[in-house]
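Here is the structure we will look at.
The values are calculated or read from the model by the stated rules, or taken from the named source; none is laboratory data. Worth saying up front: this structure is predicted, and the values here are computed from it rather than measured. Here Cβ is always computed from backbone atoms with ideal geometry, including for glycine, and neighbour counts include all displayed protein chains. Heads up: the accessible areas ignore ligands, DNA and RNA and are worked out on the full protein's heavy atoms, side chains in. Shrake-Rupley method; radii C 1.70, N 1.55, O 1.52, S 1.80 Å.
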Amino acid sequence: MAASRQARRVYECWPMFSLALFVFTSLVVGNETFSRQVSMHYNPGCNITECQSFPPSNNNDTHNNLVHVLARGHRDSLHYVWSTIGAPTVLVVHTTSKDSELRVDWERLLRATNRSISGAITFEPSNAVDFSMAVIFNKIWEYEDLHDKSELPEDEAEMFEPYDLAKMRWDDFNMTMNATGLTGNFTGATTQPDMESLFQNGSISFKIHAFKTDDRSTDLPHLQYTSNQTQFDFTIDSVEPRGNMSRYAMEVMLITEDKRGTHVDLKKLQSIDDEYTPGVFELFELTTTHGAQTDSYVQWKPVCYTKHTRSMAVATPAKTHKLKEPDTASIPGDTIARAYFTNLDRLQRKALNVSFGLTGDGTYVASNFTSWTASVGYGEPPAETLSLLIIVVISTGLGIPVVIIMFGGVFICCRRKDGEKGEKEMKDEYTRVNGSEADVIN
């Protein structure tokens, strides 16, 4: 009888136990990640001599690098076109077709003399293109920080002549491309007169990454990544400084179609967790929005590194400066942005400077190395979330008491039900016994 009573108790409490289990599981299990089929291609469809890897067939010995990162989804496609033609640029194009294709008119792009390169880059079908923007890395500023204030001068006259990234000699990207790992390096040196010797043992580089799934980078600052973005590491390595206390900054320009309701905004987000990037509680985002929808973004943390092997010990702040509105003439002449956008006057243009270093860090001269990471993506930028370790710690402190309360409630409920049944059985037993005694007396 005890066994049947126990079975009855479990049966009656099972719905409440199932509900508690469902709530607990919902708190623990995360969402499924989204993935794309991602591929990387170098100078796709180019068969003219200007695309040959060896030797470069132009006056300044530069390689005409164009890299197409294609990310196909179930119903759409993302195209990231990186190039050092003109100036380092990444073109981001989203289409509503999963079969859309990049088209490059190489003759027009590389051999145009008296005509514009506009229209040299297109996507087919053209009516499937629903968003496009470009990020251009235009200039690198160098200034003498004699008073160690790490303040970028507002007046360009107070700085050295900038390194114009449209006047660089670029190495062959194809020699470093890893089509499986979706990475590669654009490495270059200036061709500007009186500055070439400064790059005798040094270089400026952009290491690019693409991704098939969602995760977080293994290297500091451990930015989150998704299959909707591309990431880059910008590095100044062993370039000879022109001052005894030189610091550097880079100008980043964003251009996008000026549709009604489109805005370009700079946001600074705060976080309570610095587990992934110790000592850094901020995240910057340069976003393009259309109405309430975020179309694209550039995302970075305000930190750079002064050694090849990144660690907290060699981290120093990167300062983000206010947005400005450059004119059309500031867009480099041969960049792929001009090859794609046909009407530059109808574009929104924003630019900002990111400067590297902090008072007391010895300036660039202390290490002759600076590296900074950012990502460029389509759609909503990935939001900073608490790590599994932090979630476990919080769950241990708060979750376990909640679980104890839930299962304690279930246990009390079961005991109460059992007590009520026991009391009823005792009453029935009492009535049966008393009724039998009354029959005997009568």
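ARG169 passes every criterion in (1) of a type in the set (D, E, K, R); (2) part of a strand (DSSP E or B); (3) within 21 Å of the chain's Cα centre (by Cα); (4) farther than 23 Å from ARG310 by Cβ apart from (3).
Figure legend. Inter-residue proximity from the range 87-112: first residues aromatic (Phe, Trp, Tyr), second residues in a loop (DSSP other than H, G, I, E, B), beta-carbon distance below 9 Å, spacing 6+ or different chains. Indicated pairs: TRP106/ASN43; TRP106/GLY45; TRP106/CYS46; TRP106/ASN47; TRP106/ILE48; TRP106/ASN64; TRP106/ALA120.
Could you say which residue among ASP295, ASP273 is over 19 Å from PRO326 (Cβ atoms) and in contact with a strand residue (DSSP E or B) (Cβ under 7 Å, 6 or more places away or on another chain)?
Numbers: ASP273 fails: in contact with a strand residue (DSSP E or B) (Cβ under 7 Å, 6 or more places away or on another chain).
The match here is ASP295.
Go through the range 152-167 and count every residue that is over 11 Å from TRP141 (Cβ atoms) and in contact with a Phe, Trp or Tyr (Cβ under 9 Å, 6 or more places away or on another chain). The number of residues fulfilling the criteria is 1. Evaluating SER118 against the criteria (1) more than 20 Å from SER330 (Cα to Cα); (2) at pLDDT below 95; (3) not basic (Lys, Arg) leaves one unmet condition, (1). Among the residues of the range 322-361, those identified as assigned to a loop (DSSP other than H, G, I, E, B) and small (Gly, Ala, Ser) are GLY333, GLY357, GLY360.
Does any residue of the range 250-259 turn out to be outside any strand (DSSP E or B), of a type outside the set (Val, Ile, Thr), touching a helix residue (DSSP H, G or I) at 6+ places or on another chain (Cβ under 7 Å) and surrounded by fewer than 22 Cβ atoms within 10 Å (Cβ to Cβ)? Yes: one or more hits. Within the range 99-122, being touching an Asp or Glu at 6+ places or on another chain (Cβ under 6 Å) and assigned to a loop (DSSP other than H, G, I, E, B) holds for one residue alone: ALA120. Only residues that are β-branched (Val, Ile, Thr) and closer than 17 Å to ILE236 by Cβ were counted across the range 194-226, and they come to 2. So for the range 197-204 (the condition being without any contact (Cβ under 8 Å) to a residue 40 or more places away in the chain and open to solvent by less than 50 Å² (accessible area, probe 1.4 Å)), does at least one residue qualify? Within the range 197-204 (the criterion being without any contact (Cβ under 8 Å) to a residue 40 or more places away in the chain and open to solvent by less than 50 Å² (accessible area, probe 1.4 Å)), the answer is yes, since at least one residue qualifies. Considering only residues in the range 265-291 that are open to solvent by 50 Å² or more (accessible area, probe 1.4 Å) and touching a helix residue (DSSP H, G or I) at 6+ places or on another chain (Cβ under 7 Å), the one that is farthest from ASN353 (Cα to Cα) turns out to be GLU275. Look at (1) under 21 Å from the mean Cα position of the chain (by Cα); (2) free of Cβ contacts under 8 Å to residues at least 24 places away in the same chain and you find that SER271 fails only one, number (2).
Looking for whichever is open to solvent by 10 Å² or more (accessible area, probe 1.4 Å), touching a helix residue (DSSP H, G or I) at 6+ places or on another chain (Cβ under 7 Å) and at pLDDT 95 or above here; the options are THR306, THR359. Which one fits? Steps first, answer last, please.
Details: THR359 fails: touching a helix residue (DSSP H, G or I) at 6+ places or on another chain (Cβ under 7 Å).
Of the residues listed, the single one that is open to solvent by 10 Å² or more (accessible area, probe 1.4 Å), touching a helix residue (DSSP H, G or I) at 6+ places or on another chain (Cβ under 7 Å) and at pLDDT 95 or above is THR306.
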